[in-house]
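One structure is given here, and the rest of the page talks about it.
Values in this text are rule-based calculations from the coordinates and carry no lab data. All figures in this text were calculated on a predicted structure; none of them were measured in a lab. Backbone-built Cβ (ideal geometry, glycine too); neighbour counts: all protein chains shown.
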Amino acid sequence: MPDVAVQAGDADLIERLFGQNAYVLFLSTNHVFDGTRAGVPADAPFCPISEYGRQKMHVERALGAAIAKGRPAAILRFGRVVSPGMELLLGWRDRLAAGQPVQAFFDMVMAPLPVEIAAQAIDALLASKRPGLWQLTGPRDVSYAAAALHIARRLGADPSLVASVSASAAGIPIGGGVANTTLDSSRIRAEFGIAVPDAWAVIDKVLDDR
């Protein structure tokens with residue numbers, strides 16, 4: 001049975017994979033925490049505030065117990081993964097370049113993680129079959145409004161074209177507009193040399209790659 005990176009919260013599936021001697025890597029999220037703290041340690045208590053976070057927490061708990069018994073598995077928590085095709089950033093770029101206004105949330109943040117670095121982390125764990133709990137996010141959070149302003153300045157566009165609006169007022173579900181999304185990623189950096197660049201470098205690369 002090949003080693004598997006699992007996203008679905010199906011405990012029965014995970015048990016079947018164990019039964020076939022597979023190494024299981026569960027992809028989780030920063031949303032198992034409430035966003036009140038930056039750089040959350042891997043062993044911090046769970047405190048999800050969204051249904052998505054709660055579902056991930058339940059699988060993490062079950063898998064954590066299996067890992068403690070020596071099962072071949074790991075948990076890898078990510079923050080916001082971005083790719084060269086991220087329409088939000090590209091849409092802001094195109095509208096600002098055309099002199100058109102954009103709206104961006106001042107109360108929603110991200111610590112952008114390039115998709116290729118996320119894939120590198122998955123590959124490293126599947127290849128090494130290292131067990132335990134791992135985390136990977138960008139080193140700092142920036143608001144969506146700050147990201148839009150960064151793009152405007154990069155283009156030489158008028159910053160006044162960026163309107164800062166409230167995510168909560170726009171009806172974003174509970175858990176979407178947290179103050180912090182960063183996780184302590186020191187273990188994966190120390191053991192595999194995997195690290196995420198600063199937010200502006202990540203955003204610039206998304207725009208340039210397109």
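Can you compute the label reach from residue 90? Point 7 Å from Cα along the Cβ direction, backbone N cut-off under 15 Å, restricted to the range 110-148.
Answer for this model: 115.
By a straight-distance test (C-alpha under 17 Å), which lysines pair with residue 69 as possible cross-link partners, with residues fewer than eight away in the same chain excluded?
List returned: 129.
Tell me the angle of helix 115-128 to the major Cα principal axis of the chain, expressed in degrees between 0 and 90 and rounded to the nearest ten.
The angle comes out at about 10 degrees.
Which order results if 26, 105 are arranged by neighbouring Cβ count within 10 Å, fewest first? Numbers along the way, then the final one.
Values: 26 24, 105 21.
Least crowded to most crowded, the residues run 105, 26.
Helix 199-209 against the longest principal axis of the chain: what's the angle in degrees, Cα atoms only, rounded to the nearest 10?
So the helix axis and the longest Cα principal axis differ by about 80 degrees.
Could you put 164, 28, 128, 185 in order, starting from the residue whose Cβ has the fewest other Cβ atoms within 10 Å? Present the calculation step by step, with values, prior to reporting the outcome.
Working: 164 15, 28 22, 128 12, 185 25.
Least to most surrounded, the residues fall as 128, 164, 28, 185.
For the range 2-99, which trypsin sites (Lys or Arg not before Pro) are both in a DSSP coil and crowded by at most 16 other Cβ atoms within 10 Å?
Numbers: sites: 16, 37, 54, 56, 61, 69, 77, 80, 93, 95; in loops: 37, 69, 80.
Filter output for the range 2-99: 37, 69.
DSSP beta bridges in the chain, what fraction antiparallel, as a percent rounded to 5?
Bridges in the chain that DSSP calls antiparallel: roughly 10 percent.
For the range 21-38 and the range 60-129, what is the separation of their Cα centres, given in Å?
Using only Cα atoms to place each centre, the spacing works out to 11 Å.
Using the alpha-carbon atoms, what tilt in degrees (0 to 90, nearest 10) does helix 87-97 show relative to the longest principal axis of the chain?
Tilt relative to the chain: about 10 degrees.
If you average the sequence gap of Cα pairs under 8 Å that are 6 or more apart and divide by the length of the chain, what percent do you get for the contact order?
Details: 397 pairs, mean separation 57.0, N = 210.
For the chain, the relative contact order is 27 percent.
Taking amide H atoms as placed 1.01 Å from N in the peptide plane, list the residues 5 or more away in sequence, or in a different chain, whose amide H sits under 5 Å from that of residue 165.
104, 105, 106
Label-point separation (nm) for residue 115 and residue 62, each offset 7 Å from Cα along Cα-to-Cβ?
It works out to 2.9 nm between the two label points.
With +1 on each Lys and Arg Cβ and -1 on each Asp and Glu Cβ, and nothing else charged, work out how big the dipole of the chain is about its Cα centre, in Debye to the nearest 20.
On the way: 20 positive and 21 negative charges, 58 e Å.
In debye, rounded to 20, the chain gives about 280.
If you rank 110, 86 by fewest surrounding Cβ atoms within 10 Å, what's the result? Please list the in-between numbers first.
Values: 110 22, 86 18.
Least crowded to most crowded, the residues run 86, 110.
Would you compute the Debye intensity of the chain from its alpha-carbon atoms alone, equal scatterers and no solvent, and pass along log10 I(q)/I(0) at q = 0.19 Å⁻¹ to two decimals?
-1.32
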